[in-house]
Amino acid sequence: MKHTVSIMTISLLFFLVGCTSKNDAVQPKDWDNTTYLISSNDEQSCQTYYKPYCGYIGDVMPMYDIKTQSFKIYYLQDYRPNPAGTYHPIWGLSYTTDQGYINDGEIIPCGGLQEQDAAIGTGSCFWCEQQQKYYFFYTGNKYFPSAEDNGQAVQYATSTDGKTWIKNSVFVLRGDDYGYSNNDFRDPFVFQDDDNLYHMIVSTTTGKGTLAEFTSTDLQTWTHKGAFMTMMWDRFYECPDVFKMGDWWYLVYSEQHKAIRKVQYFKGRTLEELKACTANDAGKWPDDHEGYLDSRGFYAGKTASDGQNRYIWGWCPTRKGNDNIATGSDKEEPEWAGSLIMHRVIQHEDGSLSLGKVPAIDAKYTTVVPLKVMRIQGEAAAKDQYTLSGESNILFNRLGRHNHLHMVVTTAGAEDNFGISLCRGTSMVSNADSSVYYTIVVNPENATQRKINFEQRGEGGIGFVGYIDGYTFATPQDNTYSIDLYTDNSVCVMYINDNVCWTNRIHGIQKNCWSLDCLSGSITVTDVSVTQY
């Protein structure tokens, strides 16, 4: 009898193991009515914030293709592990708002180990209407360059159909031919001015970070024009993007400095005014927060427009070991490459820019999930609206893998503190909070400004997490914050009033509870909804 029970027990254990999802390490028995914190894994391929099934998205080079009436999102393919010496070929995606992303595969392969483009770096694609030809300018990275070699140089390939590309084996633009670095000479970006003259700007150095400028009438022969812009202080502007929107010219760039690593912009009424923004380290910032467009969780951002809307694409980095607090210079740096992030570029009356939600992304989240209050802590009331004061929170039921959280938060005053907590739940052995959870805090910096901070809270939390906080923005005069938060597995993007953007990678969001938090003062929350797909 004991032997029979043992066999039955073992059989039952195998049955339970077989029924456990591969993506969920621990499953509560009562999914809908429990708040236990579980561990769940991301899907292999993500479609909203796109990641290829194999590898990751590196630096992006978007354009709008008037021939196919679609956006082309070219990117450096990061395989992990990459082949030694020859890595980051250019791959492509086609994007339309109704169909999403379609992978077009490899566009431009790496050269051989002895060639200038053994490894490929960022560039830009340009359609020449007059020649009916695509030009793709990119960075060629030499494998183990000697002192006489150019570690980086500009090269190009052409195509008549956007599918088959032919590298120009003769053209090589070298920085040291013009007094620039022979190793830092990269990220060529081509645009046309109001007189249809072609300009190419290249990120380089002359003892100081510089955007070098070249001009051309045919995209084949280029004339050096000197510095388009000298970079301020010890900065280096990667992945430059120049465009005109309305009456303003803009430079969008990614600041390489280790302590910043964010996407920023400058603006000017003319190209000359744009160039003067950094002359003699002037620092003519375009807004009251130094042109920051997003957090450290969004990098290498570049834009493209279909003539009606302008969008920006960049990548959200992965984190070694899925460590949510490995974010910057005080800990291990985020890894290079990750998931593809898309924002809408919003131009304000004064010419300043902000990033807002993308209608096509918003439209994907169509399944309404009923809200269920799982627990109330502190001075909080949950009825048609949620009122919280002091240090209190309302815990809601579990999220899915792809979530859109919407809410309108009104604070009683300019200095009231509130947040949204994710990866939250209770211990499986008690009703106490899990030792750590993660809170996106809309923090009052002073009486007139706020900033989005990221905190690891709970008994085992470290509190404020450095290098993933946002940028300061003006406190709304009516103290009202319309918030949209989108998640696709571990990628999290939040917008406030279409004026503030914050991107981060937070592991553990999916299939766990979340909460509305009042951290001090008093808040009222209305229009709370959760939709999924």
Practice item. Could you check, for region 109-127, whether at least one of its residues is of a type outside the set (A, V, I, L, M) and modelled with pLDDT under 95? Key: no
Check your understanding: If residue 224 passes every condition in (1) open to solvent by 30 Å² or more (accessible area, probe 1.4 Å); (2) out of contact with any helix residue (DSSP H, G or I) (no Cβ under 6 Å at 6 or more places or on another chain); (3) closer than 23 Å to residue 278 by Cβ; (4) not β-branched (Val, Ile, Thr) but one, which one does it miss?
Key -> (2)
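Let's see how each residue does on (1) of a type outside the set (A, V, I, L, M, F, W, C); (2) outside any loop (DSSP other than H, G, I, E, B); (3) modelled with pLDDT of 95 or more; (4) surrounded by 15 or more Cβ atoms within 10 Å (Cβ to Cβ):
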residue: 410; (1), (2), (3), (4): yes, yes, yes, yes
residue: 435; (1), (2), (3), (4): yes, no, no, no
residue: 440; (1), (2), (3), (4): no, yes, yes, yes
residue: 456; (1), (2), (3), (4): yes, yes, yes, yes
residue: 485; (1), (2), (3), (4): no, yes, yes, yes
residue: 495; (1), (2), (3), (4): yes, yes, yes, yes
Check your understanding: Which pairs do you get when a residue that is more than 23 Å from residue 74 (Cβ to Cβ), found in region 174-193, comes within reach of a residue that is open to solvent by 30 Å² or more (accessible area, probe 1.4 Å) and among the hydroxyl-bearing types (Ser, Thr, Tyr), reach meaning Cβ atoms under 6 angstrom, with the pair 6+ apart or on two chains?
Key -> 180/206; 181/205
Review point. Can you name the number of the only condition in (1) more than 19 Å from residue 526 (Cβ to Cβ); (2) part of a strand (DSSP E or B) that residue 419 fails?
Key: (1)
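Restricting to region 164-173, give me the number of residues that are outside any strand (DSSP E or B), of a type outside the set (Gly, Ala, Ser) and either open to solvent by less than 40 Å² (accessible area, probe 1.4 Å) or free of Cβ contacts under 8 Å to residues at least 12 places away in the same chain (or both). Steps first, please.
As a first pass, look at region 164-173 and keep what is outside any strand (DSSP E or B): 164-165, 168-172.
Adding the requirement that they be of a type outside the set (Gly, Ala, Ser) leaves 164-165, 168, 170-172.
Next cut, either open to solvent by less than 40 Å² (accessible area, probe 1.4 Å) or free of Cβ contacts under 8 Å to residues at least 12 places away in the same chain (or both) only: 164-165, 170-172.
Number satisfying all stated conditions: 5.
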Check your understanding: What is the number of the single condition among (1) in a strand (DSSP E or B); (2) over 16 Å from residue 358 (Cβ atoms); (3) in contact with a helix residue (DSSP H, G or I) (Cβ under 7 Å, 6 or more places away or on another chain) that residue 504 does not meet?
Key -> (3)
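Could you grab me the full set of residues in region 153-162 that are over 20 Å from residue 215 (Cα atoms), without any contact (Cβ under 8 Å) to a residue 40 or more places away in the chain and either crowded, with 23+ Cβ neighbours inside 10 Å or not polar (S, T, N, Q) (or both)? Please lay out each step first, then the result.
Step one: list which residues in region 153-162 are over 20 Å from residue 215 (Cα atoms), which gives 159-162.
Filter again for without any contact (Cβ under 8 Å) to a residue 40 or more places away in the chain, leaving 159-161.
If the condition is that a residue be over 20 Å from residue 215 (Cα atoms), without any contact (Cβ under 8 Å) to a residue 40 or more places away in the chain and either crowded, with 23+ Cβ neighbours inside 10 Å or not polar (S, T, N, Q) (or both), then 161 is the only one that fits.
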Review point. Which one of 233, 249 is touching a Gly at 6+ places or on another chain (Cβ under 9 Å), assigned to a strand (DSSP E or B), farther than 22 Å from residue 140 by Cβ and of a type in the set (Phe, Trp, Tyr)?
Key: 249
Revision key, fill the gap. Note on region 458-481: residues of a type in the set (Gly, Ala, Ser) and open to solvent by 40 Å² or more (accessible area, probe 1.4 Å) are 460, 474
Practice item. Go through the residues of region 248-265 one by one and say whether even a single one is among the acidic types (Asp, Glu), open to solvent by less than 60 Å² (accessible area, probe 1.4 Å) and either without any contact (Cβ under 8 Å) to a residue 12 or more places away in the chain or within 25 Å of residue 328 (Cα to Cα) (or both). Key: yes
Practice item. Evaluate the following for residue 414: is it modelled with pLDDT under 95, closer than 20 Å to residue 523 by Cα and outside any strand (DSSP E or B)? Key: no
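Tell me, yes or no, whether region 265-276 has at least one residue that is more than 18 Å from residue 233 (Cβ to Cβ), modelled with pLDDT of 95 or more, in a strand (DSSP E or B) and touching a Phe, Trp or Tyr at 6+ places or on another chain (Cβ under 7 Å). It would help to see each step written out before you state the result.
Our first condition is that a residue be more than 18 Å from residue 233 (Cβ to Cβ); within region 265-276, this holds for 267-274.
Then drop every residue that is not modelled with pLDDT of 95 or more, which leaves 267-274.
Of the ones still in play, those that are also in a strand (DSSP E or B) are 267-268.
Now narrow it down to the ones that are touching a Phe, Trp or Tyr at 6+ places or on another chain (Cβ under 7 Å): 267-268.
So far as region 265-276 goes, yes, one or more of its residues are more than 18 Å from residue 233 (Cβ to Cβ), modelled with pLDDT of 95 or more, in a strand (DSSP E or B) and touching a Phe, Trp or Tyr at 6+ places or on another chain (Cβ under 7 Å).
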Check your understanding: Under the condition of being among the hydrophobic types (A, V, I, L, M, F, W, C) and surrounded by fewer than 23 Cβ atoms within 10 Å (Cβ to Cβ), which residue from region 442-452 is modelled with the lowest pLDDT?
Key -> 447
Study note, to complete from the structure: Filter region 422-433 for residues that are open to solvent by 10 Å² or more (accessible area, probe 1.4 Å) and assigned to a loop (DSSP other than H, G, I, E, B); the one that is modelled with the highest pLDDT is 427
Check your understanding: For region 242-271, how many residues meet the condition of being more than 18 Å from residue 355 (Cα to Cα) and touching a strand residue (DSSP E or B) at 6+ places or on another chain (Cβ under 9 Å)?
Key -> 5
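Please give the strands (runs of 3 or more DSSP E) falling wholly within region 43-111 in which 1 or more residues are acidic (Asp, Glu) and open to solvent by less than 30 Å² (accessible area, probe 1.4 Å). Don't jump to the end; show me each part of the working.
On the way: elements: 56-65, 70-78, 90-96, 100-108.
Counting at least 1 such residues, we get 56-65, 70-78.
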Practice item. Quickly run through region 112-130 and pick out the residues that are outside any strand (DSSP E or B) and either open to solvent by less than 60 Å² (accessible area, probe 1.4 Å) or within 11 Å of residue 72 (Cβ to Cβ) (or both). Key: 112, 116, 117, 118
**Study point:** Residues (of a type in the set (A, V, I, L, M) and open to solvent by 20 Å² or more (accessible area, probe 1.4 Å)) located in region 374-408
**Key:** 374, 376, 380, 381, 382, 408
Exercise for review: Determine whether residue 489 is under 24 Å from the mean Cα position of the chain (by Cα), surrounded by fewer than 23 Cβ atoms within 10 Å (Cβ to Cβ) and at positive phi.
Suggested key: no
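The values are calculated or read from the model by the stated rules, or taken from the named source; none is laboratory data. Everything numeric in this text was worked out from a predicted model, so none of it was measured. Please note: Cβ atoms are built from the backbone with ideal geometry, for glycine as well, and neighbour counts cover all protein chains shown. For the accessible areas, the whole protein counts, side chains as well, though only heavy atoms, and no ligand, DNA or RNA atoms are used. Shrake-Rupley method; radii C 1.70, N 1.55, O 1.52, S 1.80 Å.
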